[in-house]
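Okay, structure first, notes after.
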Amino acid sequence: MKTPKVSVIMPVYNAENYVKDAIESILNQTFTDFELLIINDGSTDNSKTIIESFSDSRIRLLNNEENTGLAKVRNRGIDEAKGEYVAWLDADDISHPLRLKKQVRFLDEHPEIGFCGTWVKTLGPKISHKWRYPTNPDFIRCRMLFDNPLATSSIMIRRKLLVGDTQHFDLNYPPAEDYDLWERLSYLCRVTNIPKFLTKYRLHENQTSAKNALKQMESVWNIHKRQLEQMNVIYGDEEKQIHEKIGAWKFDASTDFVVLANSWLLKLKNVNDQTYFYPEPQFTRVLAERWFFVCRAASVLGLTTWSIYWESPLRKHNEYYKHLYIFAKCLIRLPGL
């Protein structure tokens with residue numbers, strides 16, 4: 001059998017309501033040189049029956065007798081993959097028909113890029129959102145200090161980057177093992193997102209991240225902690241809490257929080273100015289972006305927030321329209337307006 005250009009890895013566990021749409025979204029790709037490696041991780045519903053109803057020769061089904069967990073399933077997929085490139089799609093998500101074609105072309109034309117994601121639209125009972133992830137490789141690496149600017153169901157990566165156990169998903173970071181791996185790989189290669197909406201990400205109550213929120217918070221902090229220690233940042237409990245909130249986009253609308261956030265972000269900049277751990281000017285731009293959102297959330301405090309925002313050196317690294325936006329948001333909070 002001819003070696004496929006792409007191996008698409010699809011973990012499945014009790015996804016009978018969604019897996020048919022996910023499979024069809026891959027089989028309907030305009031790019032056809034792929035294998036679809038489906039790993040049924042001990043499903044107890046009708047997922048296996050639905051998968052077996054497809055007769056396409058590009059599908060390779062592997063069955064686990066018991067549920068082993070997402071990280072182990074993803075690692076098994078890596079070990080079984082044959083393609084030059086490996087792509088992921090979770091069983092509850094959907095790929096645009098042009099996704100594989102555009103990502104293969106991009107990686108073929110940009111050998112300096114190790115892996116790439118795409119922009120994402122959400123699916124679910126609520127209003128659909130559009131997630132425009134950053135595209136600058138340096139900015140992406142810097143933003144890893146705060147959150148994961150990549151959607152796993154949109155990722156395509158060169159398989160050679162995944163050779164060896166250390167370049168697999170770490171079982172110690174569930175359910176943030178993908179964030180952990182992308183962060184570690186960002187030191188070995190450059191990574192970007194294609195600015196096209198080529199992936200649909202489903203939001204529902206049964207997804208792993210929703211069911212394991214506390215465990216995810218712990219794993220995410222461990223990823224942040226690792227980076228802070230590599231930067232040689234010394235921090236206290238209060239600063240840890242500030243960093244976690246800033247990373248999760250959860251900002252307190254209080255003067256104390258704004259002041260503490262400003263001090264923490266400036267501390268990170270000062271340390272990086274000495275260690276050069278993250279590339280500049282992108283690192284400062286990441287900090288300035290977070291500073292903008294901290295102050296936007298605190299605009300309910302009126303011109304107090306504006307004063308703190310304007311006096312911070314970080315505001316100099318934001319675009320002029322953001323200054324106007326913060327000022328207007330703070331102004332309309334004044335009594336009588």
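Label sites at Arg105 and Phe31, each approximated as a point 7 angstrom past Cα along Cα to Cβ, lie 1.0 nm apart.
Dipole check for the range 208-274: with +1 at the C-beta of Lys and Arg, -1 at the C-beta of Asp and Glu, and the Cα centre as origin, the magnitude is about 300 Debye. Between Gln167 and Glu218, the simple spin-label model (points 7 angstrom out along Cα→Cβ) gives 3.0 nm. Each Lys and Arg Cβ is given +1 and each Asp and Glu Cβ -1; about its Cα centre, the chain then shows a dipole of about 1140 debye. Just checking the listed ones, Ile38, Ile113, Ile127: in the Gaussian network model of the chain with Cα springs under 10 Å, the one fluctuating most is Ile127. Between Asn46 and Asp79, the FRET efficiency from the beta-carbon distance, with R0 = 22 Å, is close to 0.20.
The candidate values are (i) 39, 21, 19; (ii) 42, 22, 18; (iii) 42, 28, 21; the one derived from this structure for semi-axes √(5λ) of the Cα gyration tensor in Å carries the label (i).
For a straight C-alpha distance cut-off of 17 angstrom, the lysines reachable from Lys160 (same-chain residues fewer than eight places away being disregarded) are Lys5, Lys82.
A straight line joining the Cα centroids of the range 104-137 and the range 1-51 runs 20 Å. Since only Val19, Leu324, Gln274 are under comparison, the one whose Cα sits farthest along the positive direction of the charge dipole of the chain, derived from C-beta charges on Lys, Arg, Asp and Glu, is Leu324. Send over the Kirkwood Rh of the range 214-337, from the inverse of the averaged 1/r over different Cα pairs, rounded to one decimal Å. It works out to 15.1 Å. Remark: the Glu205-Gln274 segment gains 20.4 nm on full extension, using 0.36 nm per residue and subtracting the alpha carbon distance. Summing charges over all other residues whose Cβ lies under 13 Å from the Cβ of Gln103, with Lys and Arg as +1 and Asp and Glu as -1, gives +3. Expressed as a whole percent, the accessible area of the range 1-122 that falls on carbon and sulfur atoms is 46 (1.4 Å probe).
Here the scattering of the range 133-280 is modelled by Debye summation over its C-alpha atoms, one equal scatterer each and no solvent; at q = 0.10, 0.15, 0.19, 0.20 Å⁻¹ the log10 of I(q)/I(0) is -0.39, -0.89, -1.36, -1.46.
Contact order normalised by length for the range 278-337, with contacts defined as Cα pairs under 8 Å and 6 or more residues apart; what percent is it? This gives 41 percent for the range 278-337. The residues neighbouring Gly83, those whose beta-carbon lies less than 9 Å from its own, together hold a net charge of 0 under the Lys/Arg +1, Asp/Glu -1 convention.
For a straight C-alpha distance cut-off of 27 angstrom, the lysines reachable from Lys269 (same-chain residues fewer than eight places away being disregarded) are Lys225, Lys240, Lys245, Lys250, Lys316, Lys322, Lys329. Here the calculated FRET efficiency for Ile127 and Thr3, from their Cβ-Cβ distance with R0 = 30 Å, stands at 0.10, rounded to the nearest 0.05. Annotation: for a label point projected 7 angstrom from Cα along Cα→Cβ of Lys225, residues of the range 240-257 with backbone N closer than 19 Å are 240-248.
The values are calculated or read from the model by the stated rules, or taken from the named source; none is laboratory data. This one's a predicted model, so the numbers in the text were calculated from it and none came from an experiment. Cβ sites come from the backbone with ideal geometry, for glycine too, and all protein chains shown count toward neighbours. Surface areas here come from the heavy atoms of the whole protein model, side chains and all, with no ligands, DNA or RNA. Shrake-Rupley method; radii C 1.70, N 1.55, O 1.52, S 1.80 Å.
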